[in-house]
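Working notes, structure below.
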Amino acid sequence: GIPVNFSNGDYSQLAPGDILCFSWGGGISHTGMYIGNNQFVHAMNPNDGIQISDLTASYWSGPLAYVRRVFY
């Protein structure tokens, strides 16, 4: 996909369907799909299943490494 510019706290360039890639120090270890209004959908783990999370929460905003737009 094509890169989407962002800065932590400013997600105004993101569009629903963008792929969010997260890293906690190693390579990319988690992905999700942006659904709008600073929220994204992702599969946490087999026990917790599919969740909708807030991208502005510090747990998610810090490790957001890059965003790719696949559908354009």
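The values are calculated or read from the model by the stated rules, or taken from the named source; none is laboratory data. Keep in mind it's a predicted model, so treat the numbers as computed, not measured. Every residue, glycine among them, receives a Cβ derived from its backbone with ideal geometry; neighbour counts consider all protein chains shown. Note: areas computed on protein heavy atoms with side chains; ligands, DNA, RNA excluded. Shrake-Rupley method; radii C 1.70, N 1.55, O 1.52, S 1.80 Å.
Each label point was placed 7 Å from the Cα along the Cα-to-Cβ direction; for residue 51 and residue 28 their separation is 2.1 nm. Measuring with a 1.4 angstrom probe and ignoring ligands and nucleic acids, residue 42 comes out at about 10 Å² accessible. Heavy atoms of the protein chains alone define the surface here; on that basis the chain has 60 Å² accessible area per residue at 1.4 Å probe size. Across the chain, the relative contact order, built from alpha-carbon pairs under 8 Å that are at least six residues apart, equals 39 percent.
Within the accessible area of the chain, the carbon and sulfur atoms contribute 50%, probe 1.4 Å, all protein chains present. Taking θ as phi - 60° and the Karplus parameters 6.51, -1.76 and 1.60, the scalar couplings of the range 25-32 work out to x, x, x, 5, 10, 7, 9, x Hz in sequence order, x denoting glycine and proline.
You can think of it this way: the chain between residue 13 and residue 66 has 17.8 nm of extra reach, that is 0.36 nm per residue less the Cα-Cα gap.
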